[in-house]
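The values are calculated or read from the model by the stated rules, or taken from the named source; none is laboratory data. Nothing here was measured: the structure is a model prediction, and the numbers come from that model. Here Cβ is always computed from backbone atoms with ideal geometry, including for glycine, and neighbour counts include all displayed protein chains. To get the accessible areas, we keep the full protein, side chains included, count just its heavy atoms, and leave off ligands, DNA and RNA. Shrake-Rupley method; radii C 1.70, N 1.55, O 1.52, S 1.80 Å.
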Amino acid sequence: MNGLTTNVVYNISYPISMTSSTGSIVTYNSNSELQTGIENAIDDCDDDGSSTEVFSDLIVNGTWKISSFIDGDEDETYHYTGYVFSFSSNGTSLAVATAASLNGNWAYYTEDDLSKLTLSYFGETLDELEEDWQIIEFNSTFIKLRHISGGNGNTHYLTFTKI
């Protein structure tokens, strides 16, 4: 999957089989089975306890843009085009776009062995981001987050990419 190109639509022909981290072969028959398998694999990843400091150091280093925002089955990334996000070590955040500059807050915490990021911004412009996001994966160039809505059960995905 590392060789996939952006702006190209790919199709998976099911069933597909993959080797799990335990070495067993797992077969998926649909997109929903594959998504569940990926989410379960992510949930099984061990947290070594050092990620709090690493994540906090990472997010405050530089500026970020939203490269992907998926709301259920809909790609709503376009709502955040042009925004640049910065995060300070004191828990404040600033989202700047051509016509707006919004102050906010962020916090990193662990709940039920899950690393989470809470975002909040003043005003209604970025209210879709104001959630307790589970941190799926992060490195020096991106932060991938997931939130399952309590109201309708939709899964939302948010990806920040370092500028």
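Name the single residue, out of those in segment 83-93 being of a type outside the set (Ser, Thr, Tyr) and open to solvent by 50 Å² or more (accessible area, probe 1.4 Å), that is farthest from the chain's Cα centre (by Cα).
Of the residues in segment 83-93, the ones of a type outside the set (Ser, Thr, Tyr) are 84-85, 87, 90-91.
Pick out the ones that are also open to solvent by 50 Å² or more (accessible area, probe 1.4 Å) and you get 84, 90.
Working: Val84: 16, Asn90: 22 Å.
My answer is Asn90.
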When you check Thr22 against the structure, is it in a helix (DSSP H, G or I), more than 30 Å from Ile163 (Cα to Cα) and at pLDDT below 85, yes or no? no
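Listed here are the residues, each with its yes/no results for (1) β-branched (Val, Ile, Thr); (2) at pLDDT 95 or above; (3) out of contact with any helix residue (DSSP H, G or I) (no Cβ under 7 Å at 6 or more places or on another chain); (4) closer than 14 Å to Phe160 by Cβ.
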{"position": "Gly72", "(1), (2), (3), (4)": "no, no, yes, no"}
{"position": "Phe87", "(1), (2), (3), (4)": "no, yes, no, yes"}
{"position": "Ala95", "(1), (2), (3), (4)": "no, yes, yes, yes"}
{"position": "Ala99", "(1), (2), (3), (4)": "no, no, yes, no"}
{"position": "Ala107", "(1), (2), (3), (4)": "no, yes, yes, no"}
{"position": "Ser115", "(1), (2), (3), (4)": "no, no, no, no"}
{"position": "Gly123", "(1), (2), (3), (4)": "no, no, yes, no"}
All but one of (1) β-branched (Val, Ile, Thr); (2) exposed (fewer than 15 other Cβ atoms within 10 Å of the Cβ); (3) touching a residue at least 24 places away in the same chain (Cβ under 8 Å) hold for Val96; state the number of the condition that does not hold. (3)
Within segment 115-129, restricting to residues that are in a helix (DSSP H, G or I) and farther than 17 Å from Val84 by Cβ, the one that is nearest to the chain's Cα centre (by Cα) is Glu128
